[in-house]
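The values are calculated or read from the model by the stated rules, or taken from the named source; none is laboratory data. Note that this is a predicted model, so its numbers are computed, not measured. Here Cβ is always computed from backbone atoms with ideal geometry, including for glycine, and neighbour counts include all displayed protein chains.
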Amino acid sequence: MEIYRLSREKFATPLSGKGSAIKGARWNSIGIELIYAAANKSLAMAEVAVHFTFATLPEDYMMITIFVPDDIQIFEVSEPDLPYDWKDFPHPNSTQRFGDNFVLENKFCILKIPSVVTKGVYNYLINPNHKDFASLKIIGIEKFPFDKRIFK
């Protein structure tokens, strides 16, 4: 399987989760390393685009293609499994605790979780501290210019 991550060029490699640990995000608290990826390139773009305006959009984004071997176990959750406020903005502490528990339990390398931005599509959260993480491979990195019409 291939999953996708959109990242600023200087943070494209290596995959580490250190960036999300600095500030925390929807699914992880400060200090918890987690790598955010998406089921397809369009979702990866949408997940990033919601945080910018045309004026604040950096021009150095790269689309990273990550290969996930078939033997990697993925823990899948659906909406009823999530905290009641999982879609709230700004993100609530409940979603951070949910993701933190996933990382700290360390049973799975990847969590497949519904996207807040695009209903019916999934994000993939990668635990870089899991034993299977080393078997994931970056198989492509390409410049990703945003279409400016998205920000009209």
Pairs returned, first residue in the range 68-89 that is under 30 Å from G140 (Cα atoms), second residue that is basic (K, R), beta-carbon separation under 8 angstrom, 6 or more apart or interchain, are I74/K112; F75/K107; F75/K112; E76/K112; V77/K112
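Got at least one residue in the range 55-68 being small (G, A, S), more than 19 Å from L111 (Cα to Cα), part of a loop (DSSP other than H, G, I, E, B) and out of contact with any Leu (no Cβ under 7 Å at 6 or more places or on another chain)? Reasoning before the result, please.
Just the residues of the range 55-68 that are small (G, A, S), to begin with: 55.
The next check asks that each one be more than 19 Å from L111 (Cα to Cα); those that pass are 55.
In the following step, the residues that additionally are part of a loop (DSSP other than H, G, I, E, B) were identified as none.
Within the range 55-68, not a single residue is small (G, A, S), more than 19 Å from L111 (Cα to Cα), part of a loop (DSSP other than H, G, I, E, B) and out of contact with any Leu (no Cβ under 7 Å at 6 or more places or on another chain).
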Discussion item. Being under 21 Å from F98 (Cβ atoms), out of contact with any Gly (no Cβ under 6 Å at 6 or more places or on another chain), at pLDDT below 95 and loosely packed, with under 15 Cβ neighbours inside 10 Å is the requirement here; does K10 meet it?
Written reply: no
Filtering the range 119-143 down to residues that are farther than 26 Å from P69 by Cβ and part of a loop (DSSP other than H, G, I, E, B) yields K119
If you check E33 against the conditions, is it touching a Pro at 6+ places or on another chain (Cβ under 9 Å), among the charged types (D, E, K, R), assigned to a loop (DSSP other than H, G, I, E, B) and within 19 Å of A21 (Cβ to Cβ)?
-> yes
Within the range 127-152, restricting to residues that are exposed (fewer than 13 other Cβ atoms within 10 Å of the Cβ) and at pLDDT below 90, the one that is nearest to I110 (Cα to Cα) is P145
Exercise. If we scan the range 90-104, do we find a residue that is among the charged types (D, E, K, R), part of a helix (DSSP H, G or I) and at pLDDT 95 or above?
Worked result: yes
V116 meets each of (1) in contact with a strand residue (DSSP E or B) (Cβ under 9 Å, 6 or more places away or on another chain); (2) over 22 Å from I22 (Cβ atoms) with one exception, condition (2)
